[in-house]
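Report on one structure; see the data block that follows.
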Amino acid sequence: MERQTGKTMKMKYAKLGKTDIEVSRICVGCMSYGKASDDFQPWTLPLEESTKMISHALDLGVNFFDTANCYSHGTSEEYLGTALKSLGVARDKVVLASKVYFNDGHLSKDAIAREIEGTLKRLGTDYLDLYQIHRFDYSTPIEETMAALDALVKSGKVRAIGASAMYGYQFHNMQIAAERNGLTLFSTLQNHYNLLYREDERDLIPVARQYGVSLIPYSPLAGGHLTHPEWESPSKRAQTDKVLRASRLTGRRFPWANRTPRTPSTSSATAISTSSRSTRCRRSASRSSRAVATTGTSTMRRRVVDRCSSSRQAKVSTRNGANRRAVSRRAIR
């Protein structure tokens, strides 16, 4: 579906997964909004500037806004709700999404029940269109998390649920747990995906497509690196963002991401192979990124992708064909 938003621009729309929730193909990520602080990020925008950006997005036909309970310690949600109210936007004209995990109790039943109330209050609404788990919780049984999310859907506080950064086998196991217990399945997956990071093409994205799940990739421009004429940028965010600064020192784009499995169980055999491949490809991409930091953007993209492709080919060429097919079947079963 398309909607005319100007003389030369049309916004495209799509449904979230198998739901009837219609969203613009462009989503506004709201981590940039909220009260700046040294213990979160010092570059976030104040309410007035946040409202201007939200207003401009609405004028262009954007109706999809994604935030989280941890962004700027909850003030991102507050700024988004306040901006929409001051702009006179009807609740049913926008799709609001938020996330839960970086809080006390992570994804336990009690934590989810508590955090949704805080999110709704800060946004100034009585329901959320999309509630996403921000990370996989190793400390809470999957069944407990999925049951807690399902209860929110049945109560009318949440219309749909989604997941974020995790391994393919983890996403698959959570969907299976929901199916077996008659619970609500994830409709969306918000994963790290761009021209410089394509690791999720191995297993996470195929599993998501198997379930008819919509993808909401975060960092689609690699923190702006795919738009800068040079690798570095003089912007305040580039100079003060803790993640970007850490990535320069460690070579990792998202050092906080909790993506390393702890003690693999027999049901996570796929993760053992995937983890080793992922580590090699990330290291290779990091080396390539640093090596071409002073070259043009197009050259940088090509070298990083080529290096990752070579890593995958080397792995495939040394693996027994029968074992490879067995791992593949486990990943998508």
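Protein heavy-atom surface of segment 152-237, 1.4 angstrom probe: 54% of the accessible area is carbon and sulfur, with nucleic acids and ligands not counted.
Of interest is the spacing of the C-alpha centroids, which for segment 130-152 and segment 40-74 amounts to 25 Å.
Excluding ligands, DNA and RNA, the accessible surface per residue across segment 1-147 is 48 Å² with a 1.4 Å probe.
Gyration tensor analysis over the Cα atoms of segment 12-105 returns equivalent ellipsoid semi-axes of 23, 17, 11 Å (largest first, whole Å). Each residue, Tyr127 and Lys52, gets one label point 7 Å from its Cα in the Cβ direction; the gap between the two is 3.5 nm.
With a Förster radius of 35 Å applied to the beta-carbon distance between Gln239 and Leu60, the computed FRET efficiency rounds to 0.80.
Name the shape class, rounded, prolate or oblate, that the alpha-carbon gyration tensor gives for segment 84-134, where a ≥ b ≥ c are the square roots of its eigenvalues, rounded holds for a/c under 1.5, and otherwise prolate holds if a/b is larger than b/c and oblate otherwise. Walk me through the intermediate numbers first.
Working: a/c = 2.92, a/b = 2.33, b/c = 1.25.
Prolate shape, in that a/c is at least 1.5 and a/b is the bigger ratio.
Label sites at Glu201 and Lys85, each approximated as a point 7 angstrom past Cα along Cα to Cβ, lie 4.5 nm apart.
Work out the FRET efficiency for Ser155 and Lys93 from their Cβ-Cβ distance, taking R0 = 30 Å, and round it to the nearest 0.05.
On the way: r = 23 Å, r/R0 = 0.77.
Approximately 0.80, to the nearest 0.05.
Close amide H contacts of Tyr33 (hydrogens built in the peptide plane, cut-off under 5 Å, sequence separation of 5 or more or a different chain): Leu45. Based on protein heavy atoms only, segment 154-242 ends up with 42 Å² per residue of surface accessible to a 1.4 Å probe.
The values are calculated or read from the model by the stated rules, or taken from the named source; none is laboratory data. Computed from a prediction, not measured in an experiment: that's the story for all the values here. Glycine also receives a Cβ, built like all others from the backbone with ideal geometry; neighbour counts cover every protein chain displayed. Just the protein is used for accessible areas: all its heavy atoms, side chains included, with ligands, DNA and RNA removed. Shrake-Rupley method; radii C 1.70, N 1.55, O 1.52, S 1.80 Å.
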